[in-house]
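The values are calculated or read from the model by the stated rules, or taken from the named source; none is laboratory data. From a predicted model like this one, the values you see are computed outputs, not experimental measurements. With ideal geometry, Cβ positions are generated from the backbone for all residues, glycine too; neighbour counts draw on all protein chains shown. What goes into the accessible areas is simple: the full protein's heavy atoms, side chains included, and nothing from ligands, DNA or RNA. Shrake-Rupley method; radii C 1.70, N 1.55, O 1.52, S 1.80 Å.
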Amino acid sequence: YLADHPSLPRQIALKVLSSELSRDPDFRARFLREADVASNLEHPNVVGVYDRGQADTGELWIAMQFVNGTDADAALRCGTMTAARAVHIVVEVAAALDYAHSRNIVHRDVKPANFLLSGTPGPEERVLLGDFGIARALDDFGLTATGSVVATFAYAAPEVLAGDPFDGRADIYSLGCTLYRLLTGKTPYPTTNGMAAVMMAHLTTAPPRPTASVPSLPPAFDEVIATAMAKQPEHRYRSAAALAAAATA
């Protein structure tokens, strides 16, 4: 909800967990984790969290920064995404991810819908990374069951899908998947044959070439995506900023 702050002259985004889900221990933990994680990340490209609480009727809520605009997924669907805009978005999100990784936090759900956009498209457009609901500190293994898959399948790294140990390089893979989507309008691997086929493709199929879908793109984008989406984490870019620099170049 868009809400008026009770004591300050500003508006906030109020995220409310439904009564039913507020009674579910797993959803409560994920919802509260979002507030815990995001409130400790103070960065211009991360959506700020102001407060959290529980209504008298039991619903959990989080008060957070209101971003007056849209998100990258909606921009794609509206046909307003260009290669230059895609690279700008990735550069800004990369800064947020490297900051989170420096704090030992992996986002785990990097995708266009979680990139909030504000202002006029161009070099001054603001980009903020939101939805840390499934983010995890690397030394915290108590929130989800071993081997559980919580990332969005279309953008999930092979090691996450396989239930193997992972670190910030999983977010870099997902950022590569997202860049491919922003450049081509398509997810890296088609979903026509179901989620099992998408998972298998992430595990075994070579990264797609953006120029095969959009021949007008600079051919160097093929190598950018191939490196970002390498199956082995050690073969990927060493940081999100390195991926962003390659895409910019």
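Each Lys and Arg Cβ is given +1 and each Asp and Glu Cβ -1; about its Cα centre, the chain then shows a dipole of about 520 debye. All C-alpha to C-alpha distances of the stretch 91-132, sorted into 10 Å bins beginning at zero, yield P(r) values of 28, 54, 17, 1 percent in whole numbers.
Can you tell me the accessible area per residue over the chain, all protein chains present, probe 1.4 angstrom, in square angstrom?
Accessible area per residue, the chain: 48 Å².
Note on the chain: Rg/Rh from C-alpha atoms, Kirkwood Rh, equals 0.97. With the simple spin-label model, which puts each label point 7 Å out from Cα in the Cβ direction, the Arg77 to Val16 separation comes to 2.3 nm. Note on the chain: with neighbouring protein chains present and a 1.4 Å probe, carbon and sulfur make up 54 percent of its accessible heavy-atom surface. Using the Kirkwood radius over C-alpha pairs as Rh, can you work out the diffusion coefficient of the stretch 1-131 via Stokes-Einstein at 10 °C, viscosity 1.306 mPa s, in µm² per second? My calculation gives 100 µm²/s for D. In the frame of its principal axes, the stretch 52-115 has Cα extents of 47, 32, 18 Å, reported largest first.
Restricted to Cα atoms, the stretch 158-249 shows a radius of gyration and a Dmax of 12.7, 38 angstrom.
In a solvent-free Debye calculation with one equal scatterer on each Cα, what is log10 I(q)/I(0) for the stretch 27-75 at q = 0.25 Å⁻¹, listed in the order of the q values? One equal scatterer on each Cα of the stretch 27-75 leads to -0.99. For Lys186, the aspartates and glutamates whose Cα comes closer than 14 Å to its Cα, not counting residues fewer than 8 places off in the same chain, are Asp73. How charged is the neighbourhood of Ala241? Take every other residue with its Cβ under 14 Å from the Cβ of Ala241, and add Lys/Arg as +1 and Asp/Glu as -1. Net local charge, Ala241 excluded: 0.
Within the stretch 205-237, find all residues whose amide N lies under 11 Å from a label point positioned 7 Å from the Cα of Ala249 along Cα-to-beta-carbon. So the set is 224.
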